[in-house]
Amino acid sequence: MPAPLPLPALHATHAGIWLADASGEVREATRGEAIARAAETPHIILNAPLVGQRLGYAELSGLDVLELFAFLHPARFVVPTPAGLSRVVGLEPPASEAEAVGALQQIAARLLDRLADPHWPEREGAWTVNASLHRLGWGWAPLVGTRLERPERGERMLFSRLPQWEESGDRPPPLATKVDPGEAEARLGALTGKSAEPREGQKAMAAAAASVFAPRRSRDGPNMLLAEAGTGIGKTLAYLAPASIWAERSAGTVWVSTFTKTLQRQLDSEGPRLFADAKERARRMVIRKGRENYLCLLNLEDALQGGFAGRAAILAQLVGRWAAYSKDGDMVGGDLPGWLPSLFRRAGSAALTDRRGECVYGGCPHYRRCFIERAERAGREADLVIANHALVMINAARSRETAPQQIVFDEGHHLFDAADSTFAIALSGQEAIEMRRWIVGPEGRSRGRRRGLTARLMDVASYDEEGGAALEQAIDAARAFPSEGWLARLAESSPFGPIEALLSEVRGTVYARSRAQDAGYGLETELAEPDGALVDKAAAALEALEALQRPLAVLSRRLEAVLEDAPDWLDTQARARVEGAINGLGWRRETLVAWGALLARIGGAADPDFVDWLAVERVDGREYDVAINRRWLDPTRPLAQVVLKPAQGVLVTSATLRGGDGWEAAEQRTGAAHIDSSVGRFEADSPFDYGACSEVLIVTDIRNGDLAALAGAYARLIEAAKGGTLGLFTAIQRLKAVHARIADRLARAGLPLLAQHVDPIDPGTLVDIFRDDPRASLLGTDALRDGVDVPGESLRLVVLERVPWPRPTVLHAARRMANGASAYDDRAVRARLAQAFGRLIRREGDRGIFVILSAAMPSRLLRAFPPGVPVSRVPLDEAIERVRASLEREGGERVSVVESGSEAVADFD
């Protein structure tokens, strides 16, 4: 064991605060003393924002071992806890929170010793980056600098170390072929291996899925299969088997679409089964996400050259280190540690991606190394593209040429929600100001690399007189759109321009009509019976939209003419820049058209296909946007028209596709009801004996609205289960209130409590920590109801705070009226219950209890649970005894290090 680093350390949790002096002596401390000591001398800490929250000291700084780890091992996974870091550096995890503070000193020492290791694989670039970090005042820089030898020759710049993508011609259309069910079963056997236990449901699904991969029989009639495969069937390999055969034989691409990043990672982990060679796997299996997920190298360059200041500049340097070693440049759910941006309170991380559609394409000096372009080109040549529902829908909506032809929608129960978001329209202040920024460019004190159309198209404008005139007209028209400070002007009733005037009228209408003015959440009212002022303001705003739309249309035509004429200066990069501008203009013109249709409806007849409403968006009572919203009453209609009908084959699968209801409900929520051709159905029950390994308890004596009783119930249930609990809430405020009441109590019992919306940690990292520690528990909301895959000891109890009824919004009220009123609500609740229960039993051998803390649980909703699961209505005391007895039957506290802890071990030993 290494000697502790001769620096003081600080560790704070809900259980207490500990200090270790430079000699390693540990003692407990008060909050005031810890704050004073940390302010005087930099201490070794782990996750400064989290420790600062525990101390009630927001600006706590120090020597964060997570930052040091990110410097030494960019693009490597580690659970960001004392135990997780101890394992990754080859130390025994601390046995208690009190021992953790001393462990931080030993972890830091082991990490710094790594700098002298000749086999340290991430050495290149470290000396140069540390020199920059030293100038920025990074606390670890002096300690790193004394241990890091200066390289004999200058290190290559980051951007020269990144590989370049190669241009290639268009891929020919896939060959017409089909997959025989027997072939699919044989390929499945090869993927699972001879030693694997045969699963009949998995074999049957592989054979059924083969029917999707055949030439379709009619126009707009894809081969479509709905497959409900219970947890444990192994549906991933069941559909990958025929998909991989079809891709090989047809020289085409299968898109596998997910809703959560968790499943994307799981699919990626199956890659070695399909393609053993790493290089071949990288070529034939590609993960694709939206542009806003990837690091923008031009934004990074601007940040590294002074565009960022303070802590954000340090983050930029660490992200630069990561970029050189990243697999694909994915900053959201990729190999960038999810905890890294949160250490800097996300200062600048969003500005390092292309969230505003500002890409200049071929005009960028890093275009040939761009992560986004590389992923897009790799996807064109891949056998399998792992994407998400939104990207598949957007690609299909923008061009039939880029629309996926063979699609597997996993987590298919989310198709309705994904389509609802993708095909939504919102004319809001935030959206309008982004439109202005994209066209006009930087104004006033705007920071960052916002390039307006003039900067992007200067050479084109000088070449083409008509295009130059249209460009100037577009910029003038865009200046009528909202600008910085628009929210303050609305609050003061002094809007500038026709769109701000409309939004001001919208805001006044919402406050006048909304029935929830005292709530801290957003306010809304349906767009019905608008008064004369709102109609007049909408007409004036519509004129402003049209005034912008006209020159943009002219500019698009002139850019297309430039491509056709191909002047001498139009080289490959210039062509790419012009094509990018045409795409961007097309996207924004479509948005303007949609906004115009929405405004034209104000004062006119309502469109029965849509639901329109006015909203003031708020967080904790603070306004951040004002909007006119439009959603499809049935978003699966555009889903079917744009995505499903043009495809050759579509497989939609999920463990809860029917959500406790019949196939008709599944067809309605997946778009299959709008397909003229016949749609296949497949079902395979889970191999798990749910009746033997799980039960549902409905607690009957917790009064609705009694926060003290609710908090007490959570605490006692978690104590009975000795951790391993996932607590799901339907409201953030109740989650926060319960967490505040019980976190200290549980921590003192050695049961850490994590909480979404409370801890300054991203949800993915919270799940990693929860999975890694069988004594931890996690509280969360909707995102954790679906995105959690925690098999084994770490999740043995799920507690639902109340029946998850839909929130009574304008949109929900309209859909409820159109779809059977209370029956529509029941379907939604059963689907949510099925998804929540699905978190409990993930692998063979899992056992657990599902608890609902609400006596108002109607019996008609109970078919959401698998057949055979015993359901009991019991008082809280009995529920606690059953949880405790279940744990004792399973042998007491059987805690072990689970997958996420062991997979992160670095080669320190």
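Model label sites at Ala597 and Arg807, defined 7 Å from Cα along the beta-carbon direction, differ in position by 2.6 nm. Reducing the stretch 128-200 and the stretch 781-823 to their Cα centroids gives an inter-centroid distance of 36 Å. Relative contact order for the chain: 15 percent, from Cα pairs under 8 Å spaced at least 6 residues apart, divided by residue count.
Under a model in which nothing but the beta-carbon of Lys, Arg (+1) and Asp, Glu (-1) is charged, the stretch 9-155 shows a dipole of about 220 debye around its Cα centre. Working note: 222 nm ellipticity from helices only, DSSP H runs with n ≥ 4, each -39,500 (n - 2.57), summed and divided by the residues of the chain, gives -13500 deg cm²/dmol to the nearest 500. How many angstrom lie between the C-alpha centres of the stretch 680-707 and the stretch 463-477? Using only Cα atoms to place each centre, the spacing works out to 62 Å.
A quarter of the convex hull surface defined by the alpha-carbon atoms of the stretch 701-846 gives 9.5 nm² as the mean projection. Taken over the Cα atoms of the stretch 378-501, the convex hull encloses 188 Å³ per residue.
Residues whose amide H falls under 5 Å from that of Asp64, counting only those 5 or more places apart or on a different chain, are Ile45, with hydrogens built in the peptide plane. Computed packing ranks the peptides 36-44, 657-665 as 657-665, 36-44, most packed first, by mean other Cβ atoms within 10 Å.
With point charges of +1 on the Cβ of Lys and Arg and -1 on the Cβ of Asp and Glu, referenced to the Cα centre of the chain, which listed residue (Pro341, Thr177, Ala538) lies farthest in the positive direction of the dipole? Most positive-ward Cα: Thr177. Assuming a viscosity of 1.002 mPa s and a temperature of 20 °C, what translational diffusion coefficient in µm² per second does Stokes-Einstein assign to the stretch 187-281, Rh being the Kirkwood radius over Cα pairs? It diffuses with D of about 148 µm²/s by this estimate. Scaled against the 2.2 N^0.38 Å expected of a compact globular protein of N residues, the Cα radius of gyration of the stretch 585-725 reads 1.62. Working note: Karplus 6.51/-1.76/1.60 with θ = phi - 60° gives the stretch 68-81 the couplings 5, 4, 4, 6, 6, 10, x, 6, 10, 7, 7, 6, x, 9 Hz, where Gly and Pro are set to x.
Rounded to the nearest 20 debye, the dipole magnitude of the chain is 400 debye, with +1 charges on Lys and Arg beta carbons, -1 on Asp and Glu beta carbons, and the Cα centre as origin.
Sorting 418-431, 267-280 by their mean Cβ neighbour count within 10 Å, with the most densely packed peptide first, gives 418-431, 267-280. Using alpha carbons only, what's the Rg to Rh ratio of the stretch 425-631 with Rh from Kirkwood? Looking at the stretch 425-631, the ratio lands at 1.03. In the stretch 9-155, inverting the average of 1/r over every pair of distinct C-alpha atoms gives 15.9 Å as the Kirkwood radius. Here the chain has an Rg and Dmax of 28.5, 82 Å, counting Cα atoms alone. When the charge dipole of the chain is built from unit charges on Cβ atoms (+1 for Lys and Arg, -1 for Asp and Glu) and taken about the Cα centre, the candidate among Gly357, Leu226, His414 whose Cα reaches farthest toward its positive end is Leu226.
Coordinate-derived values only; no laboratory data. Note that the structure is a prediction, hence the values are computed from the model and not measured. So basically every Cβ, Gly included, is an ideal-geometry build from the backbone, and we count neighbours across all protein chains shown.
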